[in-house]
Amino acid sequence: MFGLARVTIISAEIQKSEIVMSESSSARAASGSFPAVANAEAEATRLNQGALELMLGAQKMMFEEWVFLSEEMLERTRTEMELFTEFVAKMAAAHSVRDVQTMCQECGQHQLDFFRRDSERLFRHGERMIAATSNLINGRSMN
């Protein structure tokens, strides 16, 4: 006997909650809260688009860095080979201590010039990287 009464009470409570839920849904539709959901979806889509652009921009920047690194390594190797070839040619042409001293001074000056140009080039590249990273974070296009 108690089992049947308890089932009836529980089913009555479920029906009440279903009525309350359907009323709140219709009240929500009448109050216009569904556009808020649409706005939230549009905002989420915009944020996802921003995240995608950030990730693609970072990937593009990493690829460009690999290309830059390979080009710089090749250029540096070529320049060092030219300096070494010049050093060997001058060493072979030197016939006296004075010629060797002059040759060492010239080659030392060439090494210093090479180091200066290399440092300036890397400094400019660092400035470009900082600007590109700043633009990427701020959402501006990279060129």
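The values are calculated or read from the model by the stated rules, or taken from the named source; none is laboratory data. From a predicted model like this one, the values you see are computed outputs, not experimental measurements. Cβ sites come from the backbone with ideal geometry, for glycine too, and all protein chains shown count toward neighbours.
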- Item | Residues satisfying the stated conditions in the range 92-119, i.e. within 21 Å of THR79 (Cβ to Cβ) and of a type in the set (Asp, Glu) | GLU106, ASP113, ASP118
- Query: Do we have SER24 as at pLDDT below 50, surrounded by 10 or more Cβ atoms within 10 Å (Cβ to Cβ), farther than 30 Å from ALA132 by Cβ and of a type in the set (Gly, Ala, Ser) here?
  - Reply: yes
- Query: Hey, does the range 78-86 have a residue that's touching a residue at least 24 places away in the same chain (Cβ under 8 Å), within 28 Å of LEU136 (Cβ to Cβ) and part of a helix (DSSP H, G or I)?
  - Reply: no
